[in-house]
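Worksheet for the structure shown next.
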Amino acid sequence: MGLEQAGAGQDWVPTACTLPTVEQPLRMAAFDTFFAEAVTEVRRAGPERVQMVLRADPEIAGRAAELAAHETGCCSFFTFTLTATAGALSLEAGVDDRHTAVLDALAARAAEAMGADS
């Protein structure tokens, strides 16, 4: 999906994304649903990293891992780290310095969807 710009109706997909165009809205919808249902906090972890605190639930961990695997398959500039520790769950997304706008859009979209579910 490679979110490049925050906001509904805007083209979020950078040229580096190899996901077929027809599948891109489906991926965005999957992320939006995940963000709304799973994310409880979004934190900047550095200029090229964002940490999303997730509801500590095995099903959420599985969905996070599946989305991360799919996204790195089409947008290889992403790295995702899923961490489960002491009853807490988080997903950290990272990019190289050329794709920080994509990361910014991902963080904004997660924060927006999280707020919409509150």
- [ ] Could you check how many residues of segment 67-110 are assigned to a helix (DSSP H, G or I), touching a helix residue (DSSP H, G or I) at 6+ places or on another chain (Cβ under 9 Å) and either buried (at least 18 other Cβ atoms within 10 Å of the Cβ) or modelled with pLDDT of 95 or more (or both)?
- [x] 6
Task: Enumeration of residues in segment 94-118 that are within 19 Å of D57 (Cα to Cα) and of a type in the set (A, V, I, L, M) - done: A110, A113, M114
- [ ] Quick one: count up the residues across segment 34-47 that are surrounded by fewer than 16 Cβ atoms within 10 Å (Cβ to Cβ) and not in a strand (DSSP E or B).
- [x] 1
Open item on the list: Return the residues of segment 39-93 that are on the phi > 0 side of the Ramachandran plot and among the aliphatic types (A, V, I, L, M); say none if nothing qualifies.
Closed with: A86
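The values are calculated or read from the model by the stated rules, or taken from the named source; none is laboratory data. Here the structure is a predicted model, which means the values were calculated and not measured. Neighbour counts run over all protein chains shown; Cβ positions are idealised from the backbone, glycine included.
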